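Laboratory data are not the source of any read-out in this text; all were calculated from the coordinates shown. Note that the coordinates shown come from a computational prediction; the quantities given were computed from them, not determined experimentally. Quick reminder, even Gly has a Cβ in these numbers, built from the backbone with ideal geometry, and neighbours come from all protein chains shown.
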Amino acid sequence: MAAISPGLVSAMDVIGKRDDEEIWYHSPFAAKLCSCIIEITTACVLSSFITLRAVRVRRKGWHNLPWIIWLVFLIYGTSLAYSVSALIMQFVVGNGTSKATCRATALLCPIIYMGSKIFIFLFLVDRAHVIRSTRKPRLRSKLYLWNIFLVIGIYGTISSYNIADTVWDLYGGGCRIYFRWQSMIPLIAIDPIATVYLTILFLQPLCRTYSLRWLPSTTGFRYFHPVAHSTNHPNRRLRQLAKRTIIGSIATMGSSLLNCITIVGLRGEVAWLCMMCCTSDILFSAIVIHWMMNSSSTGTREATEDSSTKTSTRALCQQRPSPPVVASPRPIHVLPSLRSHYSAGV
């Protein structure tokens with residue numbers, strides 16, 4: 001075992017030695033209790049997310065459900081499947097009882113975990129597509145197809161290689177999972193690159209095309225006028241949407257990087273520790289996605305109401321000459337795009 005992972009014994013304090021000098025694994029009670037609490041909490045939280053989302057969708061119908069809402073259901077579903085499977089493998093079947101259960105645990109940990117990450121990237125890809133308010137179908141948009149290739153092609157290939165390169169070992173009564181650093185380094189590199197790239201694609205039209213300029217009046221009234229390609233006094237709700245998008249992307253990226261770096265640093269994990277780390281990462285990412293979706297729907301709804309209020313205010317000032325409007329060669333209507341995008345199921 002030392003040839004596979006020379007730093008495992010020194011890194012893990014849960015490994016002791018029996019009288020015959022054979023390395024013997026014992027799972028501490030506190031570790032079992034902590035892992036059980038995390039798994040059950042994750043299952044309960046994800047079940048509540050799915051229930052809340054399903055209730056909202058049911059009020060408006062499933063027939064016109066946007067693709068991004070299906071992606072949210074897939075993120076919640078795969079995360080819930082992982083937490084329930086980890087709970088069963090650890091506390092019902094026992095991942096260290098046989099080679100078959102240890103191998104199943106070693107495959108379950110990376111497959112469902114990386115599958116949920118792929119759905120999160122698809123979520124970011126769809127947001128970047130819809131925000132541009134293009135009339136092209138998804139499969140006819142070159143940018144969308146390139147982003148899909150980036151997610152499924154590159155990230156999926158690296159993830160598949162990582163899964164195939166996973167080493168499991170049943171030794172001394174415990175199941176251990178080893179992820180080679182040669183296969184983990186590309187995964188650690190592609191995660192922040194893809195996240196930053198997709199976040200920039202989402203924020204670019206939002207920051208470039210829609211802002212509101214204060215126009216003073218001698219009558220004592222102030223009213224808004226939409227100005228394309230202006231950066232003066234951007235809409236507060238859209239700025240909040242952009243801010244939460246950045247925070248959510250950085251949070252999910254940081255959680256994934258922390259988990260992967262921990263795996264590489266330990267140079268091998270006992271099964272319960274691997275599942276507990278992955279479950280914590282999955283739970284955190286699901287909470288961030290839920291927060292981003294709720295803030296997106298609230299921000300776009302408030303921005304739409306704010307836009308209608310300013311329209312009525314302009315009607316009171318029709319006697320004044322209209323202010324000049326900076327023409328946009330290719331106007332992109334961000335608010336209608338977001339409103340139609342999040343209208344169903346949010």
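Amide hydrogen proximity for residue 132: with H placed 1.01 Å from N in the peptide plane, no residue at 5 or more positions away or on another chain lies under 5 Å.
For residue 59 and residue 157, what is the calculated FRET efficiency with R₀ set at 51 Å and r taken between the beta-carbons, to the nearest 0.05?
0.80
In this structure, the amide hydrogen of residue 174, modeled 1.01 Å from its nitrogen in the peptide plane, lies closer than 5 angstrom to those of 25, counting only residues at least 5 positions away or on a different chain.
A Förster radius of 51 Å combined with the Cβ-Cβ distance from residue 41 to residue 142 puts the calculated FRET efficiency at roughly 0.75. Ordering 120, 63, 110 by Cα displacement along the dipole of the range 40-160 toward the positive end leaves 63 in first place; charges were set at the Cβ atoms of Lys, Arg (+1) and Asp, Glu (-1).
Of 199, 51, the sequence from fewest to most neighbouring Cβ atoms within 10 angstrom is 51, 199.
Using the average count of surrounding beta-carbon atoms within 10 Å as a protection proxy, the listed peptides 257-265, 122-130 rank, highest first, as 122-130, 257-265.
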